[in-house]
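Peer 1: Take a look at the following structure, please.
Read the figures in this text as sums done on the coordinates, not as results from a lab. Values in this document were obtained by computation on a predicted structure and should not be read as measured data. No Cβ is skipped: glycine too gets one built from the backbone with ideal geometry, and neighbour counts run over all protein chains shown.
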Amino acid sequence: MAVRGRTDAKRHRWSSGPLRERRHAFLLEIIMTMLLAFLLLALPAGSAQAAPGSIAAASSNAARTLANAMSDYPVISLDGRYVAFMSAATNLVTPATSGLQVFRKDMETGEVRLVSANAAGEEGNGATTIASTISADGRFVAFYSDSTNLVTPATSGLQVFRKDMETGEVKLVSASAAGTQGNGSSHDSSISADGRFVAFNSNSTNLVTPATSGLQVFRKDMETGEVKLVSANAAGTQGNGIAHHFAPDISLDGRFVCFTSDSTDLVTPATSGQEVFRKDVLTGEVKLVSASAAGAESNQGNGFPSCSGDGSYVTFASNADNLITGVSGTQVYRKDLRSGDIVLVSSNAVGTPGDYGSTYSSISADGRYVALESYATNLIDGDVNGKLDVFRKDMVTWKIELVSANAAGAQGDDHSGYPFISGDGRYISFSSTASNLIPTPTTSTQVFRKELAVPYRFYFAEGYTGPGFQEYLCLGNPSNDPVNVRVTYLFGDGPPKVETYNVPGHSRVTRDVNALAGAGREV
C-alpha cells in the first residue's frame, strides 16, 4: 500500500454489493442514537471548515534550502513523516554528492540523509539510481541502481538494494537464495511494512529454480534469503508472457503482490492482453484485478497497480471501456477483490468520468483514499491550468480535492504527478515543475508533501429500503448547545447523498431513510 514503489515508465502516457444486513428499524435507531451521541459532542454548530492543506518542499536540505537540481520519484512512509526521492542535487547533504542519488527527508526535523551509499557512507558510483519504496517507519529504503560499490562483493548492472537507515547496512535484494546476484536487470521494487519482504521486477534467469525467462516479478525475504516467483499461476508455473514495466505493489504484511503481465495462463479462464493480477504468495492463488464486477476481462491495456494494506483493494489505470458501463478513455479504477465490485476513481464528486487521461494512483491502507494524477479538467471546479495535476479522491463520500495546490489553494502553474499517499490518506508526496506551490519560487522538478484533512468517521449498520423494511436514522444530542451533523448516505448503485441536519440541545431529529433513499436500495 503506502510502502509501494513505482517506475519511470509512468512518463509514457497511454493514447487511448455489499452483504445485506436487514435490521429491524427500531434496532437500527437505537444503535445509531447511541453512536451519534459521541459524534454530536465533537461537532459544534457553525464550526469552521478546515483550512487549505499545508505544503512543504521535501527536496530541500536541513536548512530548508531547495535542491539545486532536479528531484523526482518520491515515496512516503506510512505515517507520512519520511519522504525518499531521487535527486541530482549537490546541496542536500554534506559532503556534497554527485550524479543521481537517493535521499530520505525527515519532514518533522528537516534532516536529510543519503540513502544510496554503502555501509561506510560512500555514495554510489553509478549513473542510474532511483528510489522505489520505503518501509512503514522509514527505516528501510529500497532502490535500484547500477552502482557497483554498494555491497561486497561488487555488483554489476542494474540491481535492487535495501538500505537500513538505522545501521547503515545495505543488502542486495536482487539475488538468489544463495546470495548470487541476478544475471539481468532488476528494478521497480515495493517493500512490506516491516521491510522484510521486497517485490521487484527482473529479467534475471537465475533467481529461482527452475530458471525463468523474460521480465518476471519476484518476492525476496530479506530475513531468510528466500526468493519466490510471483508472476506464476497457482501451480507455480511461470506465466507464458512477460511482466510489464509498471512496478509491482506489495501488501503491508508481504503476503499479496499486485503486478501487470500479458501472460494468458495465470488464471482460468485464460486472459489476453495486458492485465493486472494479484498473487497470494502464501497460497499461490492468482486473481484477475482488471475485470468488471461480473468478472469479464478488460478489453484494453492496464497498468500502474496499487494495493491497500491488506491487499483487498487494488487501484489501477485502464484504457478499457467494458469495466463500468458508459466509462471509456484512460481512467483509474478501484477493484474490491472480496466482492468483485469495481468503481471509478477518476471522476468528480457526482460520478462524471474525467475528460482526459488519468494514470498513476496510490491507495491508502484502508482503501478509502486514492491519490491520482490526471490531465482531466472536470474533476474539480476551476481547473484551468491545462496541466497534469494531482488529486485525492475519498471513495466513501466521493469528494475529490486538488493536491497540487499551494497553501492558499491556488492550483500549480505547471505539471505535477507521481503521487504517493500515506497510510491514513493524510499526506501525499508528489513531484512537480510548478513554481508557485510554496512561497519560495521553485525551478526544475522538485518534490513536495501536501497535508489534507482526514475527518473523524463513524459508521452505522447497513439498511435496506425494500418491501417490509422501514429504516429511520435518529440523531440524539445530549449536549446543551445545538449542533450541525453532516450525514453521508452511501449506496451500492450510485453516488452518495450528503445531508446536514441541525439538532437542538437535549433533543433529537429522526429522518425517514426510505423516503430519502427510495425503494429497494441498500444504504
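Peer 1: Could you pull out every residue, at least 5 positions away or on a different chain, whose amide H is within less than 5 Å of the one on GLU111? Hs are placed 1.01 Å off N in the peptide plane, and Pro or chain starts have none.
Peer 2: ASP106
Peer 1: Applying a 10 Å radius around every beta-carbon, put 384-395, 247-258 in order of their mean neighbour count, most first.
Peer 2: Going from most to least packed, we get 247-258, 384-395.
Peer 1: Under a plain spin-label model, where a point goes 7 Å from the Cα along Cα-to-Cβ, how far apart in nm are ASP79 and ALA234?
Peer 2: 4.1
Peer 1: Now for a different question. In square nanometres, what is the average projected area of the Cα convex hull of segment 131-283?
Peer 2: Mean projected area for segment 131-283: 8.2 nm², to one decimal.
Peer 1: Can I ask one more? Whole-Hz ³J(HN,Hα) for each residue in segment 60-71, computed from phi via Karplus 6.51 cos²θ - 1.76 cosθ + 1.60 with θ = phi - 60°, x for glycine and proline: what do you get?
Peer 2: 9, 7, 5, 8, 6, 6, 5, 4, 8, 7, 3, 10
Peer 1: Arrange the peptides 264-271, 310-317, 224-231, 286-293 so that the one whose residues have, on average, the most other Cβ atoms within 10 Å appears first.
Peer 2: 310-317, 286-293, 224-231, 264-271
Peer 1: Still on this structure: Using the structure shown, select from LYS163/LYS220; LYS105/LYS393; LYS105/LYS228; LYS228/LYS287 the pairs with a Cα to Cα distance greater than 20 angstrom.
Peer 2: Check vs 20 Å cut-off fails for LYS105/LYS393; LYS105/LYS228.
Peer 1: Shifting gears a bit: Report ³J(HN,Hα) in whole Hz for each residue of segment 262-279, in order, from the Karplus equation J = 6.51 cos²θ - 1.76 cosθ + 1.60 where θ = phi - 60°; Gly and Pro get x.
Peer 2: Values per residue, Gly and Pro as x: 9, 4, 9, 10, 7, 9, 10, x, 4, 9, 9, x, 8, 10, 9, 10, 10, 9 Hz.
Peer 1: Where does the charge balance sit around GLN411 when Lys and Arg score +1, Asp and Glu -1, over other residues with C-beta under 9 Å from its C-beta?
Peer 2: -2
Peer 1: Follow-up question, since we're still on this one. Taking the alpha-carbon distance from LYS387 and a cut-off under 24 Å, which lysines remain once sequence neighbours fewer than 8 residues away in the same chain are dropped?
Peer 2: Cα-Cα hits under 24 Å: LYS10, LYS399, LYS450.
Peer 1: While we're looking at this one, here's another question. Would you tally the net charge around GLU499, using a Cβ to Cβ cut-off of less than 11 Å, leaving GLU499 out, and scoring K and R as +1, D and E as -1?
Peer 2: Result for the neighbourhood of GLU499: +3.
Peer 1: Let me check against my output: what whole-number percent is the relative contact order of segment 198-312, with C-alpha pairs under 8 Å and at least 6 apart?
Peer 2: Relative contact order for segment 198-312 comes out at 21 percent.
Peer 1: I've got another one for you. Placing +1 on the Cβ of each Lys and Arg and -1 on the Cβ of each Asp and Glu in segment 170-298, which of VAL227, ALA294, PHE256 has its Cα farthest towards the positive end of the resulting dipole?
Peer 2: VAL227
Peer 1: May I ask you to evaluate 6.51 cos²θ - 1.76 cosθ + 1.60, the Karplus curve with θ = phi - 60°, for each residue of segment 156-172 and list the ³J(HN,Hα) values in order in whole Hz, giving x for glycine and proline?
Peer 2: Couplings: 9, x, 7, 10, 9, 10, 10, 9, 8, 6, 8, 9, x, 4, 10, 10, 7 Hz.
Peer 1: Next up: Specify the inter-centroid distance of segment 268-286 and segment 52-107, based on alpha-carbon positions, in whole Å.
Peer 2: Between the Cα centre of segment 268-286 and that of segment 52-107, the gap is 36 Å.
Peer 1: Got a sec? Charge dipole of the chain, +1 on Cβ for Lys and Arg, -1 for Asp and Glu; which of GLN181, TYR464, ALA63 is way out at the positive end?
Peer 2: Of GLN181, TYR464, ALA63, it is TYR464.
Peer 1: Could the peptides 62-75, 411-424 be put in order, highest first, of the mean number of other beta-carbon atoms found within 10 Å of their residues?
Peer 2: Taking the mean over residues of other Cβ atoms within 10 Å, the ranking is 411-424, 62-75.
Peer 1: Expressed as a whole number of Å, what is the distance separating the alpha-carbon centroids of segment 419-476 and segment 154-214?
Peer 2: 34
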